[in-house]
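Participant: Dropping a structure here in structure tokens format, bear with me for questions.
The values are calculated or read from the model by the stated rules, or taken from the named source; none is laboratory data. Note that this is a predicted model, so its numbers are computed, not measured. As a convention, Cβ positions derive from the backbone with ideal geometry for all residues, glycine included, and neighbour counts pool all protein chains shown. Note: accessible area is taken over every heavy atom of the protein model, side chains too, but ligands, DNA and RNA are not part of it. Shrake-Rupley method; radii C 1.70, N 1.55, O 1.52, S 1.80 Å.
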Amino acid sequence: MNEANAAIGKYRWTICSLVFFATTVNYLDRNVISYLRPFLAEAFHWSPEQEVIDYANIEIAFKIAYAFGMLMAGGFIDKLGTKLGYAIATGLWSLAAIAHAFATGTGGFIIARIFLGVTEAGNFPAAIKATAEWFPQKERALATGIFNSGSNIGAIIVPLTVPFIAENYGWQWAFIATGIIGFIWLLLWFIYYEVPQKQKRLSQAELEYITSDKTEVNEEEKAEKVSWLKLLSFRQTWAFAIGKLLTDPIWWFYLFWLPDFLMKQYKLTTTEIIWPCALVYVIGSIGSIGGGWLPLMLINKNWPAYKARKTSMLIYAIAVLPVLFSQYLGSINMWCAILVIGLAVSAHQAWSANIFTTVSDMFPKNATASVTGLGGMFGALGGILLTLVVQKNMFVYYTKIGKIETGYFIMFCICGAAYLLAWLIMHILVPRMKKVEL
């Protein structure tokens, strides 16, 4: 940090750290089941085809619930405020994570996943709202990239810990252990979080810096909640929603199916996939933070914010394309496939840091959580569609005929094309990302 930033203060980065921690917990809880799949298949006596079907059904249940939760979460967070809304969401999803330990079959897991999906939906609307409250526009992509890298850290921790816990203490304890961590976060959240205008630990210089954007609405002014119907009348909402619809499912594919891909493509065991999976998300965390740094650098060079954002997102969309060759490169050496998948995950996280920031670029603070929730709902609906069409049908078909690698090749083609298509549609809808006036 340079001398100017040191003089301003850095308490806003404490808030960013708390949001990062919450996002890490969020992805710990949702990703545990991906690495317990072989243990659950053995415990519940699933055949290979039934394993694919049941796992897809459990995944669909989560995504439907997440989509519904996203529809409600934004308004919930905007109404209760960031502090209380985030706390309630995290407490409930931590309980839902623990509840998985008491499931005795597919039906029990579906119920637990529904509860988890509805409650976990609160994370990103609350996180984006906290970022809009605590950071000026030029720093938001960087702050979003940092907190969003928590999704990678959560995905790194899971393969390093969950198989060990499951093998030594039983799969139930993997759910319990990760669920408990959320309550540790709750304690820290209530100690350290408050909106900037009420935070006594914040210096006047830093408060003035945080609220320095001339286009921002004063948070002390009481703003009425904006209806979904009104938000859906804006092109800006649809640009964000369609961007999420096309690209969120790709992230979920990596999150829920990467272990299965490695085990089936390279015949790895549950312990042998630990380091390949961890490396993918280590690379991904670099992209998440770097994805926020690039537009900040361009804005500091006097680029308009919309131009810096769109240029960065186009670069990240292009960076995904090598994933098309992951299986070919993997035939030479598995680690080549891991590197290009890691690059794709990294590019996704860089993209994600920026697409989230477009919400606070285009909407006032009193609508950021609601718009984020609507976009998240569309992202979850895209995930449901992808699971139904590709994973539950195509993967089952190719599993039956013994050519699952063909199914994965088709999926990687979808992964490669999604971001460029999303960027093009967003560019057509909002060429300059004009700010909405509510």
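Participant: List the helices (runs of 4 or more DSSP H) inside the stretch 149-250, counting only whole elements, that have at least 3 residues being modelled with pLDDT of 95 or more and open to solvent by less than 40 Å² (accessible area, probe 1.4 Å).
Facilitator: Qualifying helices (runs of 4 or more DSSP H): 171-192.
Participant: Part of a loop (DSSP other than H, G, I, E, B) and surrounded by 17 or more Cβ atoms within 10 Å (Cβ to Cβ) - does that describe any residue in the stretch 260-272? Steps first, please.
Facilitator: If we filter the stretch 260-272 for residues that are part of a loop (DSSP other than H, G, I, E, B), which is where we start, we get 267-272.
After this cut, where a residue has to be surrounded by 17 or more Cβ atoms within 10 Å (Cβ to Cβ) as well, the list is 268, 270.
Within the stretch 260-272 (the criterion being part of a loop (DSSP other than H, G, I, E, B) and surrounded by 17 or more Cβ atoms within 10 Å (Cβ to Cβ)), the answer is yes, since at least one residue qualifies.
Participant: Suppose we filter 17, 47, 94, 34 for residues that are closer than 30 Å to residue 207 by Cβ and hydroxyl-bearing (Ser, Thr, Tyr); which single one remains? Please lay out each step first, then the result.
Facilitator: Values: 47 fails: closer than 30 Å to residue 207 by Cβ; 94 fails: closer than 30 Å to residue 207 by Cβ; 34 fails: closer than 30 Å to residue 207 by Cβ.
It is 17.
Participant: Can you run down the residue pairs with Cβ atoms below 7 Å, 6 or more apart or on separate chains, where the first is in the stretch 68-97 and among the acidic types (Asp, Glu) and the partner is in a helix (DSSP H, G or I) and open to solvent by less than 10 Å² (accessible area, probe 1.4 Å)?
Facilitator: Filtered contacts from the stretch 68-97: 78/369; 78/370.
Participant: Looking at 382, 407, 416, 373, can you tell me which residue is more than 24 Å from residue 257 (Cβ to Cβ) and either open to solvent by less than 20 Å² (accessible area, probe 1.4 Å) or part of a helix (DSSP H, G or I) (or both)?
Facilitator: 373
Participant: For residue 87, indicate whether it is modelled with pLDDT of 95 or more, of a type outside the set (Ser, Thr, Tyr) and closer than 30 Å to residue 212 by Cα.
Facilitator: On the way: modelled with pLDDT of 95 or more: yes; of a type outside the set (Ser, Thr, Tyr): yes; closer than 30 Å to residue 212 by Cα: yes.
So residue 87 passes the test.
Participant: Taking helices (runs of 4 or more DSSP H) that do not extend beyond the stretch 1-94, which have at least 2 residues that are open to solvent by less than 10 Å² (accessible area, probe 1.4 Å) and in contact with a helix residue (DSSP H, G or I) (Cβ under 8 Å, 6 or more places away or on another chain)?
Facilitator: 11-43, 48-80
Participant: Could you please let me know if residue 337 is under 16 Å from residue 258 (Cα atoms) and either part of a helix (DSSP H, G or I) or open to solvent by less than 30 Å² (accessible area, probe 1.4 Å) (or both)?
Facilitator: Details: under 16 Å from residue 258 (Cα atoms): yes; either part of a helix (DSSP H, G or I) or open to solvent by less than 30 Å² (accessible area, probe 1.4 Å) (or both): yes.
So residue 337 fits the description; yes.
Participant: Next question, about the same structure. Among the residues of the stretch 107-129 satisfying the criterion of being aromatic (Phe, Trp, Tyr) and over 26 Å from residue 141 (Cα atoms), which is surrounded by the most Cβ atoms within 10 Å (Cβ to Cβ)?
Facilitator: So the residue we want is 109.
Participant: Could I ask something else about it? Being more than 30 Å from residue 263 (Cβ to Cβ) and open to solvent by 20 Å² or more (accessible area, probe 1.4 Å): is that true of residue 328 here?
Facilitator: So residue 328 fails the test.
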